[in-house]
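Remarks on the structure that follows.
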Amino acid sequence: MPGTAKDSPTSASWRTALWVAVLMVLVAGAIFAAFASIQYRWNWSGFWLNRGLFLEGWLTTLGIGTGSLVVCLVAGFGLMLGSRAPSEPLRLACKGWITLVRSTPLLVQLLIGYYVVANALRINEPIVVGMLLLGLFEAAYLAEIFRGALESIGRSQREAARAVGFNTVQMYRHVLIPQAVRRALPGTTGELVSLIKNSSLLSVLGIEEVTQITRLINSRSYTALEGFIPLALAYLAITLPLTWLAQGLERRFAYET
Amino acid sequence: MKLEAQSVVQAFGTQRALDGATFRTETDARVVALLGPSGGGKSTLLRVLGCLLVPQSGRVQMDGEELPHDETGALAARRTNGFVFQGYNLFPHLTALENVALPLRVVHGVAPEQAEARAREMLNRLGLIGHEHKRPAELSGGQQQRAAIARALAPKPRLLLLDEPTSALDPVMTGEVLDVVRELAENGQQIVLATHEVSFAKRVADWVIFLAQGRVQESCVAAEFFESPKTELARQYLEGLARYR
């Protein structure tokens, strides 16, 4: 329970806000002190001149991130179902795929996926291919998070679902998945946030996403670090709303067990 | 109902929960009690009778009809039965009302308004007025079990199967739930009940099937069983339960 008995809810939330402000000031102070101690000389004019380019890069990242997010949720769910399928070859294929993808670097997957596989299929759309590859990479992690959530639901729930007359699809739809969503949400949020950040690797396919653009701006304007501060804020502008959205969903799915 | 089983075997791994169970109810019993020590096969036999389990071998007949051996047939049979479990097994993400109404809509094709009305009527009958919108975690054990009985009864099942419905409840709540079961029995509901509440079984059951070690040791008219059990195992079981009553 937040707050003690004598606190009204408003005074408790004011106190939380105060603490958040204090901690933010402390962190900002620490960063400022670190830069001051190495006597870093800021030069923002170069970055400011290229702000339009930076915005374009950010929009590219946002677009790719959104696309991959859809790909990874759909593919992750499909992989999870496949890894539990009654057919053995399908099950083995899905489990093998998950293991392979989780155990190799994303960089290698991107390079082989684009320059070898997409090339062989005569697909020359770096953004589309990049979106798919990134989505499929995170899907392997999501499949395992979904599987863990689903398998943590007790046998008695399956039995109760069968007892009231649900068939397999109805059991998943009405009993297992609604309960699994709640258990999968915290882990899923983490994966989606890391998907957004991993999109910076797509620069190896020549995609001008926001990290690549920032490097470009830094070298154009002969600065070292100026671009990276806005870059961090640009990622936060995507990942924080995503986190809040997930927290909202967690509250919606919250119930006592 | 008339029940008949021939050499029913159901093993879990190397453990034979039912090891050739054979019995026949000779009269037309309305309430059948499955009695016997824990681990004797009561729950497994109940699941076989209710088509939650298809036994590995053996045959079971209910009113002269053989129970299905395939999943499609078993699903159809389950839809005509109502189940109540020892651990209530309500769906924790749904309110009491939804726990009852959802299977009506999804399985039995009842229109949403009628399903809700029927669910309210059932919860009302089981004394859960004012608790319709609570989730299972907000209900007491006795209330949860009564909600589970409402869920099982809402589609008007031909047969109600109860698996030790009061074993997880304190004496007061046990009384609440047994009152409900007795009332159902008196109103003509066909019931198969696995229980350790011997004095309750004595009062409501027409027929007793006594199981131990995966086999049916006795199958006879209830009054006869409680009056003069034929096997040593049954005598010991009844005496053991009577010791502190």
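Among DSSP beta bridges whose residues both lie in region B:82-229, state the antiparallel percentage, nearest 5. Walk me through the numbers on the way to the answer.
Numbers: 6 of 14 bridges.
That works out to approximately 45 percent antiparallel.
Size descriptors for region B:49-96, from the alpha-carbon set: Rg then Dmax equal 13.4, 40 Å.
Restricting things to alpha carbons, find the Rg to Rh ratio for chain B using the Kirkwood radius for Rh. Present the calculation step by step, with values, prior to reporting the outcome.
On the way: Rg = 17.9 Å, Rh = 18.5 Å.
Ratio value, two decimals: 0.97.
Summarising the amide proton neighbourhood of B:LEU160: residues at separation of 5 or more, or on other chains, whose placed amide H is nearer than 5 Å comprise B:GLY82, B:GLN190, B:ILE191, B:VAL192. Only beta bridges with both residues in the protein assembly as shown are counted; by DSSP, about 55 percent of them are antiparallel.
Between A:TYR40 and A:ILE177, the FRET efficiency from the beta-carbon distance, with R0 = 56 Å, is close to 0.65.
Using the Kirkwood radius built from alpha carbon pairs, what does the Stokes-Einstein equation give as D for region A:111-248 at 20 °C and 1.002 mPa s, in µm² per second? Value of D from the Cα-based Kirkwood radius: 118 µm²/s.
Based on the alpha carbons, how large is the Rg to Rh ratio for the protein assembly as shown when Rh follows Kirkwood?
Rg/Rh: 1.14.
Only one residue of A:SER219, A:LEU176, A:ILE238 has its Cα farthest out toward the positive end of the dipole of region A:134-257, where Lys and Arg carry +1 and Asp and Glu -1 on Cβ, and that residue is A:LEU176. Looking at region A:36-101, what % of the alpha carbon pairs are farther apart than 20 Å? Result: 59 percent of Cα pairs exceed 20 Å. A simple count of charges around A:SER199, restricted to other residues whose Cβ falls under 14 Å of its Cβ and scoring Lys, Arg +1 and Asp, Glu -1, yields -3.
Scaling against 2.2 N^0.38 Å puts the C-alpha radius of gyration of region A:217-257 at 1.96. Only alpha carbons enter this Debye calculation for region B:131-234, each as an equal point scatterer, and the log10 of I(q)/I(0) it gives at q = 0.10, 0.11, 0.14, 0.16 Å⁻¹ is -0.33, -0.39, -0.61, -0.77.
Give me the mean projected area, in nm² to one decimal, of the convex hull enclosing the Cα positions of chain A. It would help to have the intermediate numbers written out before the result.
Numbers: hull surface 79.5 nm².
Mean orientational projected area (chain A, Cα hull): 19.9 nm².
Averaging 1/r across all pairs of distinct Cα atoms in region B:175-245 and inverting the result yields a Kirkwood radius of 13.0 Å. If all Cα-Cα distances of region B:1-59 are sorted into 5 Å bins from 0 onward, what percent lands in each bin, rounded to whole numbers? Cα pair-distance distribution for region B:1-59, in percent: 4, 18, 30, 28, 15, 4, 1, 0. Using the Karplus relation 6.51 cos²θ - 1.76 cosθ + 1.60 with θ = phi - 60°, the per-residue 3J(HN,Hα) values for region B:113-129 come to 5, 5, 4, 5, 4, 5, 4, 4, 4, 5, 4, 4, 4, 9, x, 10, 5 Hz, with x marking Gly and Pro.
Computed over the Cα atoms of region A:1-152, what is the convex hull's projected area averaged over all directions, in nm²?
The directionally averaged projection comes out at 16.7 nm².
Around the amide H of B:LEU211, modelled in the peptide plane, lie the amide H atoms of B:LEU35, B:GLY36, B:GLN217, all under 5 Å away and 5 or more residues distant in sequence or on another chain.
With the simple model of a label 7 Å out from the Cα in the direction of the Cβ, B:ARG158 to A:VAL20 spans 6.0 nm.
Charge dipole of chain B (Cα centre as origin; +1 on each Lys and Arg Cβ, -1 on each Asp and Glu Cβ, all else neutral): 220 debye, rounded to the nearest 20. Backbone geometry of region A:175-190 corresponds, through the Karplus equation with coefficients 6.51, -1.76 and 1.60 at θ = phi - 60°, to 3J(HN,Hα) couplings of 10, 6, 5, x, 6, 6, 4, 4, 6, 8, 4, x, x, 4, 4, x Hz, x marking Gly and Pro. Over all pairs of different C-alpha atoms in region B:1-120, the reciprocal of the mean inverse distance, the Kirkwood hydrodynamic radius, equals 16.2 Å.
Quickly estimate the mean residue ellipticity at 222 nm for the protein assembly as shown, helices only: each DSSP H run with n ≥ 4 gives -39500 (n - 2.57), and the total goes over all residues, rounded to 500.
Numbers: 20 runs with 279 residues, N = 502.
It lands at -18000 deg cm²/dmol.
Set the Cα radius of gyration of region B:204-245 against 2.2 N^0.38 Å, with N its number of residues, and you get 1.12.
Any read-out appearing in this document is the output of simple, stated calculations on the displayed coordinates, not a laboratory observation. Only a predicted model underlies this, so the values are computations on that prediction, with no experimental measurement involved. When we count neighbours, we look across all protein chains shown, and the Cβ atoms used for this are built from the backbone with ideal geometry, even at glycine.
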